[in-house]
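Peer 1: This is the structure I want to talk about, given as structure tokens.
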Amino acid sequence: MGEWIFFSFILGIGLAADAFSVSVADAFSHPEMGRPKRLLTAGVFGGFQMAMPLIGWLLVRTAEDVFSALERAVPWIAMIILTVLGTRMIAESLRGDADPEADGGSLLWQGLATSIDALSAGLTMSSFDAGRAFATSLIIGAVTFGLCLAGLFLGRRLGKHQKLQRYAGIIGGAVLILIGIRIAWNGVL
């Protein structure tokens, strides 16, 4: 029992790394982000990270051939989504019209892009029964939520520095693009 819980926490930390990085970039770009938005952001990332392994587990349990084909496309899908969002963030920053409170759609896309690799976690959970798969996914979601809150705190602190603030949107967008490239690169290797 203890091994399985330890495995779930380690898996959660590994899967949350991209969401943590995006959280830092988001808060860095928008240090005025209020507590409700920070909680929502961490909740969206944690929710997606919880749901995706379950979806992967279901796919493996029901349609292994379909999942195998989908798994090859996962890194590329994440890269495309994050590149589009990063490019958009950079463009908004250059135009000076970024509004973090009005853009829930970007948050959902970020949550999807950073958690899509968690579909593959369904493979590691394929031997689990439904209860253990759900509990593992719940742990992954909770770990992601906590790490994203820490990332938002860190990004907010960095974003409040006046010298950095002028470039925050550009840096945040570039970070999203680089995370997307890293996901794709790791998926190829």
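The values are calculated or read from the model by the stated rules, or taken from the named source; none is laboratory data. What you are looking at is a predicted structure, and each value in this text was computed from that prediction instead of being measured. When we count neighbours, we look across all protein chains shown, and the Cβ atoms used for this are built from the backbone with ideal geometry, even at glycine.
Peer 1: Taking interchain pairs and intrachain pairs at least six residues apart, which have beta carbon atoms under 9 angstrom, with the first residue in the range 119-137 and of a type in the set (S, T, N, Q) and the second not in a helix (DSSP H, G or I)?
Peer 2: Here the result reads Thr136/Met125; Thr136/Phe128; Ser137/Met125, each pair linking the range 119-137 to a residue that is not in a helix (DSSP H, G or I).
Peer 1: Further question on the same structure: Starting from the range 6-20, take each residue that is acidic (Asp, Glu) and list its partners that are buried (at least 16 other Cβ atoms within 10 Å of the Cβ), counting only C-beta distances under 7 angstrom and pairs at least six apart or across chains.
Peer 2: Asp18/Thr114; Asp18/Ile179; Asp18/Ile183
Peer 1: Sticking with this structure for a sec: Where residues in the range 146-157 are crowded, with 18+ Cβ neighbours inside 10 Å and closer than 20 Å to Leu82 by Cβ, which of them is modelled with the lowest pLDDT?
Peer 2: The extreme case among them is Gly155.
Peer 1: Same structure again: Please specify each residue of the range 16-32 satisfying the condition of being of a type outside the set (Gly, Ala, Ser) and buried (at least 20 other Cβ atoms within 10 Å of the Cβ). Working first, answer last.
Peer 2: First, the residues of the range 16-32 that are of a type outside the set (Gly, Ala, Ser): 18, 20, 22, 24, 26, 28, 30-32.
Result: Asp18, Phe20, Val22, Val24, Asp26, Phe28, His30.
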